[in-house]
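All remarks here apply to the structure that follows.
The values are calculated or read from the model by the stated rules, or taken from the named source; none is laboratory data. Computed from a predicted structure; not experimentally measured. Because the Cβ atoms are built from the backbone with ideal geometry, glycine has one as well, and the counts that use them run over all protein chains shown. Accessible surface areas use protein heavy atoms only, side chains included; no ligands, DNA or RNA. Shrake-Rupley method; radii C 1.70, N 1.55, O 1.52, S 1.80 Å.
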Amino acid sequence: MIWLTIFAMAAIVFTSRYVFLEPKLPLRLNHKAQRFLSFASPAILTAIWAPIVFLPHGNLDIGLKNPYLLAAIIAFMVAWKTKNTLLTTIVSMSAFFILLKIL
């Protein structure tokens, strides 16, 4: 039963992606729908990272002893200056692990 559920969900996800990504299919979204959906990824990513950074132990922590917040600030600065995703990932993860050891 679990395998059936996994395969059914995989089929649903694949089909929903395929309908919009296959260039040979005549289905197209209008400009307003495309613009509305362009906000979905940033909203979802913010909903994921914000609680991790600002509420690492369930309480609001915006002090300098919060390694999550400091690493996020470092990641923002590196991404802003370099616009290099790989470098941002490596530097911010290294900074986070170093700050985790120090703090």
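Sparsely packed loop sites in the range 23-103 (the chymotrypsin sites (Phe, Trp or Tyr not before Pro) outside DSSP H, G, I, E and B with at most 12 other Cβ atoms within 10 Å) comprise Phe39.
Between Thr15, Ala71, Pro56, the Cα set farthest toward the positive side of the dipole of the chain (charges on each charged residue's Cβ, about the Cα centre) is that of Thr15. Overall, the accessible surface of the chain at a probe of 1.4 angstrom is composed of carbon and sulfur to the extent of 75 percent.
In the list (i) 1.13; (ii) 1.89; (iii) 1.53, the label attached to Cα Rg over 2.2 N^0.38 Å as derived from the coordinates here is (iii).
Within the range 1-98, which trypsin sites (Lys or Arg not before Pro) sit in a loop by DSSP and count at most 11 neighbouring Cβ atoms inside 10 Å? Mind dumping the intermediate values first?
Details: sites: Arg17, Lys24, Arg28, Lys32, Arg35, Lys65, Lys81, Lys83; in loops: Lys24, Arg28, Lys65, Lys83.
Taking the range 1-98 and a limit of 11 other Cβ atoms within 10 Å, the loop trypsin sites (Lys or Arg not before Pro) found are Lys24, Arg28, Lys65, Lys83.
Might you tell me the accessible area per residue for the chain, computed with a 1.4 Å probe and given in Å²? Present the calculation step by step, with values, prior to reporting the outcome.
Numbers: 8790 Å² over 103 residues.
Spelled out: the 1.4 Å probe surface of the chain, per residue, equals 85 Å².
Here the 3J(HN,Hα) profile of the range 89-103, calculated from phi with Karplus coefficients 6.51, -1.76 and 1.60 at θ = phi - 60°, is 5, 5, 5, 5, 5, 4, 4, 4, 5, 5, 5, 5, 6, 6, 8 Hz, Gly and Pro shown as x. Summed over qualifying helices (DSSP H, 4 residues or more, each -39500 (n - 2.57)) and divided by its residue number, the chain shows a 222 nm mean residue ellipticity of -24000 deg cm²/dmol.
Please state the charge dipole magnitude for the chain, taken about the Cα centre, from unit charges on C-beta atoms (+1 on K and R, -1 on D and E), reported in debye and rounded to the nearest 20. Kindly include the intermediate steps, with their values, before the conclusion.
Values: 9 positive and 2 negative charges, 69 e Å.
So the magnitude is around 340 debye.
Note on the chain: with a GNM built from Cα contacts shorter than 10 Å, the maximum mean-square fluctuation among Leu37, Leu21, Leu87 falls on Leu21.
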